[in-house]
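Read through the structure below, which is laid out as structure tokens, and then see the notes.
The values are calculated or read from the model by the stated rules, or taken from the named source; none is laboratory data. These figures come from a predicted structure and were not determined experimentally. Here Cβ is always computed from backbone atoms with ideal geometry, including for glycine, and neighbour counts include all displayed protein chains. These accessible areas exclude ligands, DNA and RNA; they are computed on the full protein's heavy atoms, side chains included. Shrake-Rupley method; radii C 1.70, N 1.55, O 1.52, S 1.80 Å.
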Amino acid sequence: MAIVFVLVATLVLAVVVTANWYVWRRLFRDTTRGPGLTRRAGAVLIAGGWVLAIAALVAERSGAPFWLQQVLAWPGFLWLALSIYLLLGVVAGEVVRPLLRWFLERRARGPRPTAPTTSPGSPGDGAAGAPASVTATAPTDGGTVTAAPAPAAQAGPAGAATVSASAAGRQAGHGAGTPSAASASASASAPATAASAPAPQAGPAGAATVSAATDGGGVTAASGVAPTSPAPQTDPTGAVAASVAAPHPQVDGGGASGAAAAAPAAEQTASATAAPGEAAAGDTPTGPSRRLFVSRVVAGAAAAAAVGTVGYGTYGVLRGPQVKRVTVPLAKLPRAAHGYRIAVVSDIHLGPVLGRGFAQKVVDTINATQPDLIAVVGDLVDGSVKDLGPAAAPLAQLRARHGSYFVTGNHEYFSGAEQWVEEVRRLGLHPLENARREMPYFDLAGVNDVAGEEENQGPDFARALGDRDTARACVLLAHQPVQIHEAVEHGVDLQLSGHTHGGQLWPGNLIASGANPTLAGLDRYGDTQLYVSRGAGAWGPPTRVGAPSDITVIELASKQA
């Protein structure tokens with residue numbers, strides 16, 4: 001048995017650790033460029049939250065000083081709820097993430113350009129539809145490279161627009177006219193400043209040529225230039241490169257030049273090739289930046305959704321339960337009892353979080369319904385009479401024509417059930433410990449919770465129902481819905497229960513519905529009906545999501561009426 005417990009505990013621990021690492025990764029690691037304060041703060045937040053949560057649970061169950069329980073309860077229990085929805089948020093983000101990246105990539109590409117239709121040999125078009133190209137050459141003495149504005153080029157038969165630039169230097173004949181020398185000198189030059197190329201002129205071969213002279217202060221380059229270009233490159237796929245010659249007095253012949261193809265469909269741009277270690281022009285680092293942007297958007301949305309969900313769910317608990325009205329017809333109920341009202345409240349869970357103020361809200365809400373009878377069906381407290389006696393004091397104000405009745409829940413046995421039975425009796429409630437009362441129109445019975453079996457105080461249906469008049473309708477108070485099966489065997493007409501909280505925190509309802517025959521609301525089992533309240537308070541996190549708290553007014557209906 002011990003080995004099984006160790007294995008289960010190890011598995012649970014592994015799942016929790018893995019889930020929290022995954023949350024940290026998505027919220028902090030993937031949203032930052034590298035190790036730093038943000039990642040460390042995220043690790044401290046997640047680890048610290050769980051330390052507080054475990055400490056709050058241990059303090060409550062071990063009977064630690066009540067002030068310490070109160071200090072730990074709020075942050076610790078709220079972290080439990082927040083961690084659930086952070087995990088759900090980042091898991092949901094895995095669906096959104098690829099869709100968002102696809103959208104951004106498609107938007108970045110934009111609409112595909114369409115090539116203009118021109119006749120061969122027409123102005124502005126090269127022969128045989130060849131793409132126009134722009135070539136810029138310019139020697140420099142190491143000054144700043146700038147681009148000059150370029151008017152429209154006049155294309156020749158070959159369809160290539162060529163831009164050449166020459167500069168007067170200080171030493172003649174040095175590296176004259178060699179592209180390699182020109183490129184080497186340009187690579188060593190100062191950072192380039194982007195500008196536009198001068199107006200090209202049509203050459204004999206149909207190429208537009210532009211010449212620019214410099215005195216060493218700067219060299220003219222083509223538009224769209226990236227900073228500091230190295231050796232000239234010609235890219236047949238459409239990239240445009242510009243090369244700049246070394247400082248010479250003259251550039252003979254063709255000079256040092258670099259050719260590059262212009263953008264498709266008449267869009268002609270010139271750019272300098274990037275320096276080593278830098279992205280080339282047109283090859284912007286959109287990939288990594290896009291991934292970072294998507295991670296931040298998804299993480300921010302997940303965090304905001306989690307905080308908003310927990311915040312709203314906590315507000316719903318603290319404002320107090322809402323009244324729910326349900327009509328339940330009973331075949332054996334006499335006509336005179338038609339419309340009889342029973343206020344059902346369960347799972348108030350007074351403790352280090354929900355205290356006297358919350359109890360007062362519950363009492364005021366119940367009294368406002370003006371019930372004929374009040375049924376408190378377990379889990380009133382999470383703590384000792386010594387710590388929570390003052391918090392439960394408002395229960396003495398409960399008012400009903402036929403009184404208030406109480407049965408134990410499983411949490412009473414964690415908190416000292418015998419002491420609480422005496423305390424609620426002192427406050428004016430009537431405990432039903434496997435007992436029955438004959439009301440004017442029906443029998444009211446109550447059984448202890450199944451958790452009392454460990455203290456030899458478990459439910460005893462025979463004692464509570466064995467010798468009753470079966471011709472009378474019977475209403476049974478039993479904390480847990482699983483007790484319905486024994487209620488059916490003893491001919492109970494209606495069982496009133498709580499315990500499930502309706503799941504309290506979605507998707508906890510999936511787990512709770514698997515452990516209980518009815519999660520919430522009215523159900524029927526043979527001739528016995530079962531009503532399960534979602535409860536007025538909350539256990540652990542003072543938060544409810546998808547299962548709002550309630551106080552139910554059961555209105556009995558006679559089929560004879």
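Expected output is a single nm value to one decimal: the length gained when fully extending between Val482 and Met1, i.e. 0.36 nm times separation in residues minus the C-alpha distance. What is it?
My answer for the length gained is 170.5 nm.
Can you give the accessible area per residue of the stretch 419-554, in Å², using a 1.4 Å probe?
39 Å²
Tell me which residues come under 5 Å, amide H to amide H, from Val323 once H is placed; ignore anything under 5 positions away on its chain.
Ile551
Excluding same-chain residues fewer than 8 positions from Lys332, which lysines have a Cα within less than 30 Å of its Cα?
Within the straight-line limit of under 30 Å, Lys332 reaches these lysines: Lys324, Lys559.
Tally up the carbon and sulfur contribution to the accessible surface of the stretch 521-561 as a whole percent, 1.4 Å probe, everything protein left in place.
Carbon and sulfur: 46 percent of the exposed surface of the stretch 521-561.
Would you mind estimating how fast the stretch 390-470 diffuses translationally, via Stokes-Einstein at 25 °C and 0.890 mPa s with the Kirkwood radius over Cα pairs, in µm²/s?
181 µm²/s
Taking a probe of 1.4 Å, how large is the accessible area per residue of the stretch 1-84, in Å²?
Each residue of the stretch 1-84 exposes 63 Å² on average to a 1.4 Å probe.
Between Thr10 and Ala92, what is the label-to-label distance in nm when each label sits 7 Å out along the Cα-to-Cβ direction?
Modelled inter-label distance: 3.6 nm.
Evaluate the distance, in nm, between pseudo-label points positioned 7 Å from the Cα of Thr18 and of Thr38 along their respective Cα→Cβ axes.
2.8 nm
Would you mind getting the accessible area per residue of the stretch 343-410, heavy atoms of the protein chains only, 1.4 Å probe, in Å²?
Result: 28 Å² per residue.
Among residues other than Gly351 whose Cβ falls under 10 Å from its Cβ, what is the net charge (Lys/Arg +1, Asp/Glu -1)?
Neighbourhood net charge equals -3.
Report the extension gain between Ala304 and Ala557 in nm, rounded to one decimal, defined as 0.36 nm multiplied by the number of residues separating them, less their alpha carbon distance.
Separation in residues times 0.36 nm, less the Cα-Cα distance, equals 86.4 nm.
Could you work out how far the C-alpha centroid of the stretch 1-35 sits from that of the stretch 443-464, in angstrom?
41 Å
For the pair Ser62 and Arg437, how long in nm is the line joining their label points, each one 7 Å along Cα→Cβ?
Simple spin-label model gives 4.1 nm for this pair.
For the stretch 1-87, which whole percent of the accessible surface, found with a 1.4 angstrom probe, sits on carbon and sulfur atoms?
Exposed carbon and sulfur together represent 79 percent of the surface.
Could you bin all the Cα-Cα distances of the stretch 1-121 into 5 Å bins starting at 0 and give me the percent of pairs in each, rounded to whole numbers?
Percent of pairs per bin, in order: 2, 9, 11, 14, 14, 12, 10, 7, 5, 3, 3, 3, 2, 2, 1, 1, 1, 1, 0, 0.
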